[in-house]
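Let me begin by presenting the structure, written as structure tokens, before commenting on it.
The values are calculated or read from the model by the stated rules, or taken from the named source; none is laboratory data. A quick note: this is a predicted structure, and the numbers were derived from the prediction, not measured. Cβ placement follows ideal geometry from the backbone for every residue including glycine, while neighbour counts extend to all protein chains displayed. Surface accessibility is based on the protein's heavy atoms, side chains included, excluding ligands, DNA and RNA. Shrake-Rupley method; radii C 1.70, N 1.55, O 1.52, S 1.80 Å.
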Amino acid sequence: MSSLLITDLHAQVETDQGPKDILKGVTLKIESGRTYAIMGPNGSGKSTLAYVIAGHPRYTVTSGSITLDGVDVLSMSVDERARAGLFLAMQYPVEVPGVSVANFLRTAVTAVRGEAPKLRLWIKEMKEAMAAIQMDPSFAERNLNEGFSGGEKKRLEILQLGLLRPKIAVLDETDSGLDVDALRVVSEGVNRFRDETGAGTLLITHYTRILRYIKPDVVHVFAEGRIVETGGPELAEILESEGYERFTTVKS
Amino acid sequence: MSLAVVVPPVDLAPRTRSYEPEAFIEPTARDEEWKFSAFNRLKHFFVPDPNAGVVRASGDGVQMRPITSIASSWIPTDMAAAVARANVREGGVLEIPAQAEIIEPIVVDLTTSSAQAYQHLEIVAGSFSSAVVVIRQTLTSEISGSTVITVGDHARLTVITIIEGEKSTALVLQLPVTLGRDAQFTGALAAIGGGAVRIQNSVTYAAPGGSAELLGVFLADTGQHIEQRIFVNHDQPHCKSNVMFKGALLNAEARSVWIGDVLVRKEAIGTDTHQVNRNLLLSDGARADSVPNLELETGDIVKAGHASATGRFDDEQVFYLQSRGIPLDVARQLVVRGFFAEVLGRVGNVEWREELLSKISSRLGIESFGDSDE
């Protein structure tokens, strides 16, 4: 059992006009075996929360804490967080020219598992992982995310999720840019990962679409840099029909 | 920081060409040709050194011969080259016989025990021949001279030049290449070490149909000044040139200069030319000058293009790799190796491509990370 505990988290980003507060007191608990959704309008700070958990250098935490099983996450480097069992599936996976998918995956798996997988077993494992996400094996030789379609990038994120098997996974807008078929493949990948590992999963999304495929236990509504309402799956249905208006107009 | 440098188009007037150093006016640091150079570390090459030794070339089929017995079509185009040519006593000669198809790369080692030495290496690929030549030079002193390459009609020649060595050293090298009819040349120039290095790599076409690919990688660290000057002279119809140089500047005070001049003359109809230089600044205080020039005297060409870009490390790439558990130093390694992979991927010989990648990796600080999956 693992739990990621976020307590009264405040974070800001540096802008031309000086520092801007984006997270304004986020308190959240993510436990193994459970699935959480954070839903909110654009610009509410959802993606910032994901990046801050992963340790993106653009954001500065000004107060609050993040712990994984009681261990301070904020003092860890980005790669230490990943090795400790955190994973962020990014909304916009980054292209890295000249680095093959195969080389990248093996380097990442070696880092996270602490030892290089045996080459023969590794090739088999990678092929199976690619097949499971309906990705052509030829992608292994391509440069990381370079020239990939939006859907291909998202598939590769989920493939990494399956190989790296984190304790807590944060999926940032994984449904964006996916057609229905791709959404189903990606969702199946996430569900398989959840079922096999019993990890805790946090879905960050604007729309309820992905929640039809990946059922959340808890739904949080995020607005103005904090969680403003919490409920069960039925909350997502309400948001679907009513939208976010009542959360965005409360302020002044 | 990088500077975008704007200079007037190349001077189209015929250059001075002579074996006599006296035919040249001694350059100053303000001359267009030298103003980007590590002038103070190189200017002694304008003055003959009576105690200078000779760079010896060794390798399969390579002979050292008295310079007077070496027939070379190349005539020096600047004072340092003329001084070296006038004072070098011996030169290395590698002749690839006509129609020979040599599969195994021919490795040529260039060495000297002198504190200053002159160099002349003549590589001649006979018509219809095919070969790969690897020139290894680990600098230990001050070297001035030339490597003259002639690719015969319909010949295919790849020359991989690897320059390494101490920061206290200096090298001024002329690297002229002449292509015969339908000849194909690939040059891969890896300036991985050395102190003050200035390489002038020129291509001329003796007949129509030649194709030249000039590839280059360079690493510059504190105390290094790596200068590469490319000149492709399209004066024959239906020839191609493709130039791609990539450099990484590792630390503050690292300096690189890349000047790429491509001239397409009136008679060079059907020319297809492209050149690109990309530099990666890994540290504040490093400086990369990059000046691509393209001069067209005819519009009757297939295509012509050039590009230049100098940028910093992409933090998003590093973050992405780190977010998958890959430690920072390894992530940076991957990004830099990836940067060079585009150009090295074009080196057809797999064994030496890997050798270059591994040399670059080790210069970057880590011997290896993970295994190659290829």
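Within the stretch A:70-91, not a single residue is modelled with pLDDT of 95 or more, among the polar types (S, T, N, Q), in a strand (DSSP E or B) and on the phi < 0 side of the Ramachandran plot. Taking B:Pro292 as the residue in question, decide whether it is at pLDDT below 95, under 30 Å from B:Gly209 (Cβ atoms) and in contact with a Gly (Cβ under 6 Å, 6 or more places away or on another chain). When the stated conditions are applied, B:Pro292 passes them.
Per this entry, B:Phe319 is not counted among residues that are hydrophobic (A, V, I, L, M, F, W, C), touching a residue at least 60 places away in the same chain (Cβ under 8 Å) and open to solvent by less than 30 Å² (accessible area, probe 1.4 Å).
For B:Ile326, the conditions (1) part of a helix (DSSP H, G or I); (2) modelled with pLDDT of 90 or more; (3) within 13 Å of chain A (Cβ to nearest Cβ) are fulfilled apart from (1). Summed over the stretch B:221-266, the residues that are open to solvent by 10 Å² or more (accessible area, probe 1.4 Å), of a type in the set (A, V, I, L, M, F, W, C) and over 23 Å from B:Ile160 (Cβ atoms) give a count of 1. Taking the conditions exactly as written (surrounded by fewer than 19 Cβ atoms within 10 Å (Cβ to Cβ), more than 17 Å from A:Val99 (Cβ to Cβ) and among the basic types (Lys, Arg)), does A:Lys167 satisfy them or not? Taking the combined requirement at face value, the residue does not satisfy it.
Residue check: A:Leu49 meets all listed conditions (1) touching a Ser or Thr at 6+ places or on another chain (Cβ under 9 Å); (2) surrounded by 21 or more Cβ atoms within 10 Å (Cβ to Cβ) but one, namely (1). Can you name the residue in the stretch B:126-149 that is among the hydrophobic types (A, V, I, L, M, F, W, C) and open to solvent by less than 20 Å² (accessible area, probe 1.4 Å) and is also farthest from the chain's Cα centre (by Cα) among such residues? Among those that are among the hydrophobic types (A, V, I, L, M, F, W, C) and open to solvent by less than 20 Å² (accessible area, probe 1.4 Å), it is B:Ala131.
Of all residues in the stretch A:198-233, those that are open to solvent by less than 20 Å² (accessible area, probe 1.4 Å), in a loop (DSSP other than H, G, I, E, B) and either on the phi > 0 side of the Ramachandran plot or touching a residue at least 24 places away in the same chain (Cβ under 8 Å) (or both) total 5. Residues that are more than 25 Å from B:Pro176 (Cβ to Cβ), among the polar types (S, T, N, Q) and touching a residue at least 12 places away in the same chain (Cβ under 8 Å): does the stretch B:236-253 have at least one? Checked the stretch B:236-253: at least one residue is more than 25 Å from B:Pro176 (Cβ to Cβ), among the polar types (S, T, N, Q) and touching a residue at least 12 places away in the same chain (Cβ under 8 Å).
Of the residues making up the stretch B:289-316, those that are open to solvent by 10 Å² or more (accessible area, probe 1.4 Å), of a type in the set (A, V, I, L, M) and more than 14 Å from chain A (Cβ to nearest Cβ) are B:Leu294, B:Leu296, B:Ile301, B:Val302, B:Ala304, B:Ala307. Criterion applied to A:Ala102, A:Ala37 was being away from chain B (no Cβ under 14 Å), on the phi < 0 side of the Ramachandran plot and among the aliphatic types (A, V, I, L, M), and the one residue passing it is A:Ala37.
Under the condition of being touching a residue at least 40 places away in the same chain (Cβ under 8 Å) and either of a type in the set (A, V, I, L, M) or in contact with a Lys or Arg (Cβ under 6 Å, 6 or more places away or on another chain) (or both), the residues counted in the stretch A:122-151 number 5.
Please determine, by comparing only the residues of the stretch B:50-105 that are basic (Lys, Arg) and either out of contact with any Phe, Trp or Tyr (no Cβ under 9 Å at 6 or more places or on another chain) or outside the structural domain of B:Leu121 (by TED's automatic domain parsing) (or both), which one is nearest to B:Thr178 (Cα to Cα). Per the stated criteria, the residue is B:Arg65.
Look at (1) over 21 Å from A:Val78 (Cβ atoms); (2) open to solvent by less than 70 Å² (accessible area, probe 1.4 Å); (3) within 12 Å of chain B (Cβ to nearest Cβ); (4) out of contact with any helix residue (DSSP H, G or I) (no Cβ under 6 Å at 6 or more places or on another chain) and you find that A:Ala132 fails only one, number (3).
Take the conditions of a type in the set (S, T, N, Q), at negative phi and assigned to a loop (DSSP other than H, G, I, E, B) and apply them to A:Thr174. Does it pass? So A:Thr174 fits the description; yes.
Of everything in the stretch A:71-85 that is of a type in the set (A, V, I, L, M), closer than 12 Å to A:Val52 by Cα and in contact (Cβ under 8 Å) with a residue 24 or more places away in the chain, the residue that is nearest to the other protein chains (Cβ to nearest Cβ) is A:Val78.
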